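Just so it is clear, none of the values below were taken in a lab; they were calculated from the coordinates. Just so we're clear, the structure is a prediction, and the values are computed from it rather than from any experiment. Here Cβ is always computed from backbone atoms with ideal geometry, including for glycine, and neighbour counts include all displayed protein chains.
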Amino acid sequence: MIARSVITAVERGAVVDLWSLKPAELTAEQLAGPLSRINRFNGRTPVPWSVAAHSLVVMGLVEAQGGSEMAQAAGLLHDGHEAFLGDWTTPAVQFAGQQSLPVGPSVVRSCIDQAKKCVDDAIARAWGVEFTPNITLTRIADQAALEAEMIHFLDWQGPVVTEPALLAQAMACLTLCHELTEHQTAKEVWMEALEGFVTIGVLTDPGATLAA
């Protein structure tokens, strides 16, 4: 049995305890590194497209919907848990759920959702981000980004559920953000966006607190 403290690693190979994530493990650098190296769609896009790049698109789409600066910050950090848990695609979750029969797919989905929430709660405490009040805008933007990415990268033919104007904005964003296919660039731009929210007082930087 793997010891509880030996679960996963972040920047520079540090071991973390998922049951008790500390602010030092949730800094911009610690989140941005993994998020910029984890590819969406299990790496099946023709060019690299990371969780960090996806999150930047979601942030932009929340802004396009008139979301507040806090809502935009929530969009940027909405997949922060994937820095520790990885990117479980919907087909992978459904496949894993089917293997759980007769227990049932809903149990698997519930366990994964709860694990994500636990990490998100730690991120919320560290950064002061408000996920729950902004969940609707985030979900709409996330769905729009997902469908645009599938069309742009995977030649997906639909059907789509995103409102046409928002989907067009998402598609345009992917065309304009081609430089984010480079992992280091995606990391730097994601960190700059996060630091921007700190600068205007929307978020608090756990790294700054540790350095004080």
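Structure notes:
- Sites Val161 and Cys118 - FRET efficiency at Förster radius 25 Å, r taken between beta-carbons, to 0.05: 0.30
- Segment Ala172-Val107, extension gain: residue separation times 0.36 nm, minus the distance between their alpha carbons: 19.6 nm
- Between Arg37 and Ala14, residue separation times 0.36 nm minus the direct Cα-Cα distance comes to 6.6 nm.
- Dipole magnitude of region 25-211 about its Cα centre (Cβ charges: Lys, Arg +1; Asp, Glu -1), debye to nearest 20: 540 debye
- Point-to-point label distance, Thr204-Leu154, nm (Cα→Cβ direction, 7 Å offset): 3.9 nm
- Along its three principal directions, the equivalent ellipsoid of region 127-211 from the Cα gyration tensor extends over semi-axes of 29, 18, 10 Å, largest first.
- Furthest towards positive pole of dipole, Ile135, Gln157, Gly86, structure part the chain, Cβ charges: Gly86
- Reported label for calculated percent of Cα pairs over 25 Å apart given [x] 32; [y] 70; [z] 38: [z]
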